[in-house]
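Please read the structure below before turning to the comments.
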Amino acid sequence: MSKPKLFSTHVLFEEPRKKLAEHFEVDYWKGEDRPSRQEFLKRVSGVEALICLLTEKIDREMLEAAGPQLRIVANVAVGFDNIDVPACTERNVAVTNTPGVLDETTADFTWTLLMAVARRLVEGDRMARSGAWTKWNLDQLCGTDVWGKTLGIIGFGRIGRAVARRASGFRMRVIYNSTTRAPESVERELNAEFAARDAIFERADFLSLHVPLNAATRGLVGPAELAKMKRTAFLINTTRGPVVQESALIHALERGLLAGAALDVFEREPHIPDGLRRDNVVLAPHLGSASIETRTRMALIAVENAIALFAGQRPPTILNSEALHRN
């Protein structure tokens, strides 16, 4: 029997690639840049399965280009704001993501950014690397302490809680706001205090964002929220770029309304506005889950979802189980 055809918009790591080859006839996008929209629509034509990244928009146009034989879209990401899930469900196309596997890695990187911006690490690296460091001074590149400060977290799901767990080693006060309040046992374990959203902006020395991108969170951090922050506070964003209104953040930084920011995500990736290229802003190119172990596991989950569906099983991390009932 011939294997079902699958298109992957990126070459996967060796382990998931080998596993995929056992079950599918695989076509990989091997270009250095992401495929253009035109090329993407061309390559999905006739495939029965798709493995994609957040950079690919899965909408009605794409589903039409793929054809009625498409059965699954496996997103190598936790977020799925790039996918029109209802449109996929209408066509009996299963949609899957990769939850859970990147929680700890993303929490690690959140702390990487937090520490880097607090202690002016990027500025120091640039000084040392360029040869501009010629002497030591008492006030040279003084940053701010992390230990004993207040960590504010907006969004207290798995990643938000993992970030809070790490704060105990720094003897920080943890305050959080989330759509659903955590169980009392979790608050005790993490020494976390639930507070109103405005209070998080007002009280936090470091404010970290961990919400999904949806209609309620798009533009969540704007002029009014930034104006509430302490002038000594730092904003850290490892969730989704559009959660923060970049123009408002640039304006606040220019006016000194907050001490700095550390950003792994941006409103229109990979574009980064010049106004964010400041000494008190640490910039990273969407590295939150970028460890070899985690990215390999993410790819494996996508592969396992596709294999399960074609074996007549429920994909482990399906987002629209209604699509299965209609098959």
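Being without any contact (Cβ under 8 Å) to a residue 40 or more places away in the chain, open to solvent by less than 10 Å² (accessible area, probe 1.4 Å) and within 19 Å of N305 (Cβ to Cβ) is a property that V93 lacks. Restricting attention to region 288-313, the residues being assigned to a loop (DSSP other than H, G, I, E, B) and either among the aromatic types (F, W, Y) or under 26 Å from the mean Cα position of the chain (by Cα) (or both) number 4. It is to be established whether one or more residues within region 11-18 are among the charged types (D, E, K, R), assigned to a helix (DSSP H, G or I) and closer than 30 Å to G260 by Cβ. Within region 11-18, not a single residue is among the charged types (D, E, K, R), assigned to a helix (DSSP H, G or I) and closer than 30 Å to G260 by Cβ. Scanning region 231-283 for residues that are surrounded by fewer than 22 Cβ atoms within 10 Å (Cβ to Cβ) and hydroxyl-bearing (S, T, Y) yields T232, S247.
Summed over region 159-177, the residues that are touching a Gly at 6+ places or on another chain (Cβ under 6 Å) and open to solvent by less than 70 Å² (accessible area, probe 1.4 Å) give a count of 1. Consider region 101-119 and keep the residues that are outside any helix (DSSP H, G or I) and in contact (Cβ under 8 Å) with a residue 60 or more places away in the chain. The one that is nearest to T238 (Cα to Cα) is L102. Taking first residues from region 66-90 that are over 14 Å from P315 (Cα atoms) and partners that are outside any loop (DSSP other than H, G, I, E, B) and open to solvent by 20 Å² or more (accessible area, probe 1.4 Å), the Cβ contacts under 6 Å between residues at least 6 apart in sequence or on separate chains come to A87/R60; T89/E322.
Of the candidates G148, G155, the single residue that is farther than 30 Å from L54 by Cβ and either in contact with a His (Cβ under 6 Å, 6 or more places away or on another chain) or open to solvent by less than 60 Å² (accessible area, probe 1.4 Å) (or both) is G148.
The values are calculated or read from the model by the stated rules, or taken from the named source; none is laboratory data. Keep in mind that this is a model prediction, so the values were computed, not measured. Note: ideal-geometry Cβ built from the backbone for every residue, glycine included; neighbour counts use all protein chains shown. Accessible surface areas use protein heavy atoms only, side chains included; no ligands, DNA or RNA. Shrake-Rupley method; radii C 1.70, N 1.55, O 1.52, S 1.80 Å.
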